[in-house]
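A short write-up of the structure that comes next.
The values are calculated or read from the model by the stated rules, or taken from the named source; none is laboratory data. None of these values were measured; they are calculated from a predicted model. When we count neighbours, we look across all protein chains shown, and the Cβ atoms used for this are built from the backbone with ideal geometry, even at glycine. With ligands, DNA and RNA removed, areas are computed over all heavy atoms of the protein, side chains included. Shrake-Rupley method; radii C 1.70, N 1.55, O 1.52, S 1.80 Å.
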Amino acid sequence: MSLVVLISGRGSNLQAIVQAGLPVVAVISNRADAAGLEYARKRGLATTVVPHKDFATREAFDEALAREIDRHAPRAVANAGFMRILTPGFVARYAVRIVNIHPSLLPAFPGLDTHARALAAGVKLHGCTVHFVTADLDGGPIIAQAAVPVLADDTVAALAARVLRQEHVLYPRALAWLLGGKLVILDGRVRVEDPDEKQFLFAPDA
Ligand code: GRF
């Protein structure tokens with residue numbers, strides 16, 4: 001029962017996952033300067049860098065990444081701020097055991113700059129989504145969502161920070177379900193098989 005975490009940068013979700021006591025066996029980054037690698041090393045976790053720039057094609061990069069992941073034979077793979085678009089072959093290889101956290105209430109605002117786009121759209125609720133990764137970018141089955149209010153005087157930074165606090169609660173929770181074999185997907189919809197668990201979180205005063 002183990003987890004490989006893929007990162008590209010800061011690694012605050014990685015920290016939340018580790019601090020929640022989830023069984024992280026390795027952290028892999030496509031960037032050598034990802035701050036999260038430093039945290040992982042300090043915690044004594046195995047770290048590897050697979051620099052995407054070393055590969056001529058997405059397929060070749062994904063092949064090298066998969067080799068690194070498979071060395072650890074993990075039960076699941078968690079993308080935590082991993083900024084690469086994955087090929088359909090890679091995604092199929094880890095079907096139903098690779099997940100991602102995205103900083104919006106999907107299907108609203110897939111892609112980048114979600115907080116600025118939420119502010120520009122004038123939405124009153126924003127948040128984050130944990131979902132299975134499929135070939136459809138930010139479009140896989142939704143496991144859990146956390147909502148926060150958008151305040152009248154919000155800046156991108158303030159809104160991003162409010163969402164991030166909920167990411168750190170939501171992601172470890174969803175990963176524990178996945179590792180515990182509690183998730184069922186039916187007709188593209190995900191259910192957690194535990195009456196005490198909720199797949200949503202609302203932080204009105206966050
Ligand atoms: C988070 O906002 C996550 O939702 C998005 O990228 C960011 C990663 O932050 N996918 P961190 O590296 O976990 O601090």
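All of ALA16, ALA34 fail the test of being within 13 Å of the ligand (Cβ to nearest atom), hydrophobic (A, V, I, L, M, F, W, C), open to solvent by 10 Å² or more (accessible area, probe 1.4 Å) and assigned by TED's automatic domain parsing to the domain that holds THR87, apart from ALA16.
The single condition among (1) more than 13 Å from the chain's Cα centre (by Cα); (2) open to solvent by 20 Å² or more (accessible area, probe 1.4 Å); (3) within 13 Å of the ligand (Cβ to nearest atom) that ARG84 does not satisfy is (1).
Contact map, segment 126-139: residues that are part of a loop (DSSP other than H, G, I, E, B) paired with residues that are among the aromatic types (Phe, Trp, Tyr), Cβ distance under 8 Å, separation 6+ or inter-chain. Pairs shown: VAL133/TYR94.
Of the strands (runs of 3 or more DSSP E) lying entirely inside segment 1-118, those carrying at least 1 residues that are more than 30 Å from ARG162 (Cα to Cα) are 46-49. When ALA158 is tested against the conditions (1) within 28 Å of GLU197 (Cα to Cα); (2) outside any loop (DSSP other than H, G, I, E, B); (3) without any contact (Cβ under 8 Å) to a residue 60 or more places away in the chain, the lone failure is (1).
On the given criteria, is ALA108 open to solvent by 10 Å² or more (accessible area, probe 1.4 Å), away from the ligand (no atom under 13 Å from the Cβ) and within 22 Å of ILE185 (Cβ to Cβ)? Yes, satisfied.
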